[in-house]
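Only the coordinates and a few stated rules stand behind these numbers; no lab work does. This is a predicted model, so every value here is computed, not measured. Cβ placement follows ideal geometry from the backbone for every residue including glycine, while neighbour counts extend to all protein chains displayed.
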Ligand code: FES
Ligand code: FES
């Protein structure tokens, strides 16, 4: 039911871990399945410099978190705010319909992390 790429990211997730001096640390969970994600973000010059995560979740959640962190590294904050679950699923070659929402853990965490960072005021110093 999962593509080879999904299985690859689920078995060998990229960017697992924590970031020392992360400017944004976001915890998101899904009360329905009890899964949760801890996302660490570092910013600079209006882009996401680094993204790492720790997770308790299903293979789809692990794979989409892995792909999401790969995709947002080097991405401008504006573009990352527009990232959708579907774009992450597409980058993985597709996900079963009932698993698309699992990618909202990572995408939602990225959006929340950026908003927190911008609200903290630091974002204003990062304009190019
Ligand atoms: Fe909970 Fe996928 S089933 S994250
Ligand atoms: Fe909870 Fe997929 S079932 S995120």
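For the chain, what mean projected area does the convex hull of the alpha carbons give, in nm²?
Approximately 7.2 nm², given one-decimal rounding.
Could you list the residues of the stretch 56-96 with an amide nitrogen less than 14 Å from a label point located 7 Å from the Cα of residue 112 in the Cα-to-C-beta direction?
56
Please give the helix 104-119 orientation as an angle from the longest Cα principal axis of the chain, in degrees from 0 to 90, rounded to the nearest 10.
So the inclination is approximately 10 degrees.
Any idea what angle helix 59-72 forms with the longest principal axis of the chain, computed on alpha-carbon atoms, 0 to 90 degrees, nearest 10?
Approximately 30 degrees, to the nearest 10.
Tell me whether the stretch 33-92 comes out rounded, prolate or oblate; compute the Cα gyration tensor, take square roots of the eigenvalues as a ≥ b ≥ c, and use a/c under 1.5 as the rounded threshold.
oblate
For residue 49 paired with residue 20, estimate the spin-label separation in nm (one decimal), with each label point 7 Å from Cα along the Cα-to-Cβ line.
Between residue 49 and residue 20, the label points sit 1.4 nm apart.
With contacts defined as alpha carbon pairs under 8 Å and 6 or more residues apart, what's the relative contact order of the chain in percent?
29 percent
Show me the ranking of peptides 9-17, 35-43 by mean Cβ neighbours inside 10 Å, starting with the highest.
Going by the mean number of other Cβ atoms within 10 Å, highest first, we get 35-43, 9-17.
How much length, in nm to one decimal, is gained on full extension between residue 78 and residue 58, taken as 0.36 nm per residue of separation minus their Cα-Cα distance?
Length gained, residue 78 through residue 58: 4.3 nm.
Classify the stretch 1-69 from the C-alpha gyration tensor, please: rounded if a/c falls under 1.5, else prolate or oblate depending on whether a/b exceeds b/c.
oblate
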